[in-house]
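One structure is given here, and the rest of the page talks about it.
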Amino acid sequence: MPTHESLTRMVRTWEAGQHQPSEPYPQLLAQIFDVAEGELFADPSDGTELAKSSEGSLIRKAPDGDDDMERRRLLQLAAASAGIGMVGVSGEPVRQLLDLFLDQDFRSGEEWEMSAADHLYALRTRPPAQVAADLVVDLLTVRRQMEASSPAEVTELQRTLAMLASIHANALTRLGDHGAAVRWWRTGRSAADASGDREVRLMVRSEEAGHGLYGQRAPETVMRLVGNAEQIAGPSVDLLTTRAKALSLLGKHAEACETLDALVELTEKGAHGDSLGFWKENQIYFAQSWVYAGAGDEVRAGTARENVLRQTGDYQYRANVALHEALCTVVQGAVDEGVRQAAAVIDPLPAAYRSNHIIETGRMLLRSVPLDQQERPAIGEFREVLAIGA
């Protein structure tokens, strides 16, 4: 048999109607179902009218255009894919086609809110590749529901789409797929604007700016994104945390610390993040850990780090504040000790959990090493750790 990748391409061309399966595949597929070969794929020479299904698969068109016939064919093709190893243990394509067959999986606004919360929880606890794969399923479901909804319902679903697109862009950023992430941020912004929900519009832009700091965009561009977002609702706690971190990356440590002071002042006045669950209070302490470490302020960075560790179980935050500690050590002049601390954080992490956010924080530490010390053996060893993790 061909490789999995080759089979994938062949099945796609069959389903798209670009090619008919050649031997031995018609026979194999017929054996799976114990039916004649013509029951699965139409023969172009027999004059049968072909039609594209709503899922894009090529099927025989029933004489009366009956939808049940289309759905049965879709289910047969999904089962055929399962028979040659295309579905995987989750059976997700089959589940989606079953939902289509049953006219189910359309959700209420409350159910979509819970779905978004589930994806956010997954983002903080599971490997980003798994999160991105699961999100694609719900993004497709939202699209299908929008096609069958009234204009008022579509507006509400735009809000859902904005949240899911933002989470998906976050996951792609963690995977280091920056081009795709930027495109999904754009989709999220467009959907948020179409929803008319100011909180969602601000949230998407805040998330886009904040995650842009991890090698996705230049700090100057992130500052511009922050300024654009502030035109919607003025300074917010989320935008101030991003501004402070961007200033730190630009080496403007005094301005970064002043921004943290403004952030604390704003929270003391009762300001808080979004009500959607994207922003949490520990992000204030995380920003403090980042900025104070970059400035070499060991005491304040240590206090902030302890606050983060006390409040969150997010594996990424916990790893990154440990890297902030190593960064502070390097900034204070103990280069070898700092990079060894950083290596001890990254090296034990399972490969699936070595997100771009963690690797990029390690690179931030490398950039803080003076040029005349970049060739030290410990630096070379740490570069190897980062290369393996990337």
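The values are calculated or read from the model by the stated rules, or taken from the named source; none is laboratory data. Since the model is a prediction, treat every value here as computed from it, not as a measurement. FYI the Cβ positions are ideal-geometry reconstructions off the backbone, even for glycines, and counts take in every protein chain you see.
Spot the failing condition for Thr241; the list is (1) buried (at least 24 other Cβ atoms within 10 Å of the Cβ); (2) within 16 Å of Ile167 (Cα to Cα); (3) polar (S, T, N, Q), and only one is missed.
Only one criterion in (1) buried (at least 24 other Cβ atoms within 10 Å of the Cβ); (2) within 16 Å of Ile167 (Cα to Cα); (3) polar (S, T, N, Q) is unmet by Thr241, namely (2).
Let me spell it out: the conditions are (1) over 24 Å from Ile358 (Cβ atoms); (2) modelled with pLDDT of 95 or more, and Ser236 meets all of them except one. Which number is the exception?
For Ser236, the exception is condition (2).
Collect the residues in segment 368-378 that are at pLDDT 95 or above and touching a Leu at 6+ places or on another chain (Cβ under 9 Å), keeping them in residue-number order.
Ser368
So, Ala148, is that one outside the structural domain of Ser206 (by TED's automatic domain parsing), under 28 Å from Thr312 (Cβ atoms) and of a type in the set (Gly, Ala, Ser) or not?
Values: outside the structural domain of Ser206 (by TED's automatic domain parsing): yes; under 28 Å from Thr312 (Cβ atoms): no; of a type in the set (Gly, Ala, Ser): yes.
When the stated conditions are applied, Ala148 does not pass them.
So if I check each of Ala351, Ala287, Ala343, which one is of a type in the set (Gly, Ala, Ser) and more than 30 Å from Leu164 (Cα to Cα)? Quick ask: steps written out before the conclusion?
Values: Ala351 fails: more than 30 Å from Leu164 (Cα to Cα); Ala287 fails: more than 30 Å from Leu164 (Cα to Cα).
The unique qualifying residue is Ala343.
Output the qualifying pairs, or none if there are none: Cβ atoms under 6 angstrom, residues six or more apart or on different chains, first residue in segment 155-168 and under 7 Å from Gly188 (Cα atoms), second residue among the charged types (D, E, K, R) and assigned to a helix (DSSP H, G or I).
Ser166/Glu207
If a residue must be within 30 Å of Ala169 (Cα to Cα) and either in a helix (DSSP H, G or I) or hydrophobic (A, V, I, L, M, F, W, C) (or both), how many such residues does segment 342-383 contain? Reasoning before the result, please.
Our first condition is that a residue be within 30 Å of Ala169 (Cα to Cα); within segment 342-383, this holds for 342-368, 382-383.
Remaining after also requiring either in a helix (DSSP H, G or I) or hydrophobic (A, V, I, L, M, F, W, C) (or both): 342-346, 349, 351-353, 356-367, 382-383.
Result for segment 342-383: 23.
Would you check which residues across segment 256-271 are modelled with pLDDT of 95 or more and β-branched (Val, Ile, Thr) and list them?
Thr259
Kindly establish whether His253 is of a type outside the set (Gly, Ala, Ser) and at pLDDT 95 or above. Full working, then the answer.
Details: of a type outside the set (Gly, Ala, Ser): yes; at pLDDT 95 or above: yes.
For His253, the condition - of a type outside the set (Gly, Ala, Ser) and at pLDDT 95 or above - is met.
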